[in-house]
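The values are calculated or read from the model by the stated rules, or taken from the named source; none is laboratory data. Remember, predicted model here, so these are calculated numbers, not experimental data. All Cβ positions, even for glycine, are placed from backbone atoms using ideal geometry, and neighbour counts span all protein chains on display.
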Amino acid sequence: MEKTYFIITFGCQANEHDSEILAGLLVKKGYQAATSIDKADLILFNTCCVRKKAENKALSQIGELKKLKKQKPDLMIGVCGCMVQQKNMPQKIRQRAPHVDLIFGTHNLEQIITLIDQVLKTKEPQVQILPDRKIIVENLPKIREKPFKALVNITYGCDNFCTYCIVPYVRGREKSRQPENILKEISQLVDDGVKEVLLLGQNVNSYGRTLIPPFSFGELLKKVNEIQGLKRIRYLTSHPRDFKPELIQIISQLDKVCKHFHLPLQSGSNRILRKMGRGYTGEDYQKLVQEIRRLMPQASITTDLIVGFPGESDEDFKDTLELVKKLRFDSAFTFIYSTRSGTPAAKLPDQIPLNIKKARLQELMLIQNKISKEINESLKRHIIEILVEGISKKETSVLEGKSETNKTVLFIGKKNLIGKFVQVEITEPQTWILKGKVVTGGGKEEYVGTNPNDATISRN
């Protein structure tokens, strides 16, 4: 009987991609995906440590498996990802959860089968944490969640060392893949039915700097844009400091590159930006946004914002609010500053009390949500092309897809539309989503709803 696996993934798209690789390696070994965690022979936690909340959640869930391990002594439990790369974390996991069999980091995913074999052979827990990735291992198998979308790493690691961020310490120094390897992978994905790729890196704008000879991100986008059969190109994450006018010009001319710019501002205060080590000012950021909107007025711009960074005064926070009002982001991921041990910001004086952080977050969210709704309302009666991604998690009679500008769109549709592009007229814009109706791209297959005449989108 074939063994089964179950992977729980925390964190960003980089972790999602790592989980795809882990699944691919396990399937190649003969494992099958389990339908639920309690039916698995191997359970893997692919962890995150960008914020303390994600770390605590992972540790809690790992601890809860102690009972299942007693019921199933042959069950193998593994913990990997960014969290375990932190100093003393493997020891902490072993102390808190002695039922864990495998602990390995972000730099040696490809060794999972060897580690499993060692556990089976020695009957002892295996811990293997490498300080960095010496080489980039190519051609690893992957199991993708959706056959028409794919995540593609173009860089690994980060050299920015923003003072609040743990990522460079757990993902290592920045390394770029060779462009020919990236292009070969994407071409193979397209042959396999992929229509949209998301190019991944902690800072995609610095892609190619470590290559000899150097090869820029703009050059890479041009080459990917030439791949026949590929419909959409996305990328994540960009650093405002490295987003140069030449790159904006290139993107404006490439038809397959989505006109969605996610540019983490983090703060509107120049003083706080300096303390964060971001390498730009609020004025620099404004010029960047202005240039994007000059060349691509239809583009969406989203951001990340942190409130409560050590030493953030009322005036600093006011600067953030004013810049948010001025720039009018389509949406923003807003966070309370989370202290990360080992980062310079953790040692800064004037840590902000939690109640003040929460109050500032609420004020910021109210302003941004109002702006997001106003922008979305301007799209009413617009017809937008959507890549249909699946059935809505909240409303099972409704399909869900993404626009080129990364807007989530819900609509009544037919099952055969999943994985296809359709035109949707926006009828009910809301703060975080758009609701609409299909105007082209229909077919004769059954509706997701029980009866197409009765199918309605919830107004709750």
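Couple of notes before you dig in:
- When each of Ser216, Ser187, Ser206 is tested for being surrounded by 21 or more Cβ atoms within 10 Å (Cβ to Cβ), at pLDDT 95 or above and not hydrophobic (A, V, I, L, M, F, W, C), the lone residue that passes is Ser206.
- Those residues of the range 387-406 which are within 18 Å of the chain's Cα centre (by Cα), in a loop (DSSP other than H, G, I, E, B) and surrounded by 18 or more Cβ atoms within 10 Å (Cβ to Cβ), in sequence order: Glu404, Thr405
- Screening the candidates Asn369, Asn376 for the property of being under 29 Å from Tyr235 (Cβ atoms), out of contact with any helix residue (DSSP H, G or I) (no Cβ under 9 Å at 6 or more places or on another chain), in contact (Cβ under 8 Å) with a residue 60 or more places away in the chain and surrounded by 15 or more Cβ atoms within 10 Å (Cβ to Cβ) yields one hit, Asn369.
- Looking at the range 188-301, the strands (runs of 3 or more DSSP E) lying wholly inside it that each contain 3 or more residues that are in contact with a Leu (Cβ under 8 Å, 6 or more places away or on another chain) sit at 196-200, 232-236.
- Pairing each residue of the range 411-437 that is among the hydroxyl-bearing types (Ser, Thr, Tyr) and surrounded by fewer than 22 Cβ atoms within 10 Å (Cβ to Cβ) with any residue that is part of a helix (DSSP H, G or I) and at pLDDT 95 or above, provided the two are 6+ apart or on different chains, yields C-beta distances under 9 Å for Thr431/Asn369; Thr431/Lys370; Thr431/Ser372; Thr431/Lys373; Thr431/Asn376.
- Boolean, His239 is farther than 13 Å from Glu404 by Cα, of a type outside the set (D, E, K, R) and in contact (Cβ under 8 Å) with a residue 60 or more places away in the chain: yes
- Leu417 being closer than 19 Å to Pro147 by Cβ and either at pLDDT 95 or above or over 27 Å from the mean Cα position of the chain (by Cα) (or both): yes
- Gly449 fulfils the conditions (1) on the phi > 0 side of the Ramachandran plot; (2) modelled with pLDDT under 95 except for a single criterion, (1).
- Consider the range 327-337 and keep the residues that are touching a Leu at 6+ places or on another chain (Cβ under 7 Å) and among the aliphatic types (A, V, I, L, M). The one that is surrounded by the fewest Cβ atoms within 10 Å (Cβ to Cβ) is Ile336.
- Scan of the range 112-139 for residues that are surrounded by 13 or more Cβ atoms within 10 Å (Cβ to Cβ), among the hydrophobic types (A, V, I, L, M, F, W, C) and out of contact with any Asp or Glu (no Cβ under 6 Å at 6 or more places or on another chain), ordered by number: Ile112, Ile113, Leu115, Ile116, Val127, Ile129, Leu130, Ile136
- Residue selected from the range 146-164 under the condition in contact (Cβ under 8 Å) with a residue 60 or more places away in the chain and over 16 Å from the mean Cα position of the chain (by Cα), by the criterion surrounded by the most Cβ atoms within 10 Å (Cβ to Cβ): Tyr164
- From the options Leu221, Leu199, Leu211, Leu230, residue that is over 30 Å from Asp314 (Cβ atoms), in contact (Cβ under 8 Å) with a residue 40 or more places away in the chain and more than 19 Å from the chain's Cα centre (by Cα): Leu230
- Flag if Ile356 is assigned to a helix (DSSP H, G or I), assigned by TED's automatic domain parsing to the domain that holds Lys275, farther than 21 Å from Trp432 by Cα and hydrophobic (A, V, I, L, M, F, W, C): yes
- Residue selected from the range 338-361 under the condition of a type in the set (D, E, K, R) and within 18 Å of Leu321 (Cα to Cα), by the criterion surrounded by the most Cβ atoms within 10 Å (Cβ to Cβ): Arg360
- Index of the failed condition, Thr281 passing every other in (1) touching a residue at least 24 places away in the same chain (Cβ under 8 Å); (2) β-branched (Val, Ile, Thr); (3) surrounded by fewer than 19 Cβ atoms within 10 Å (Cβ to Cβ): (1)
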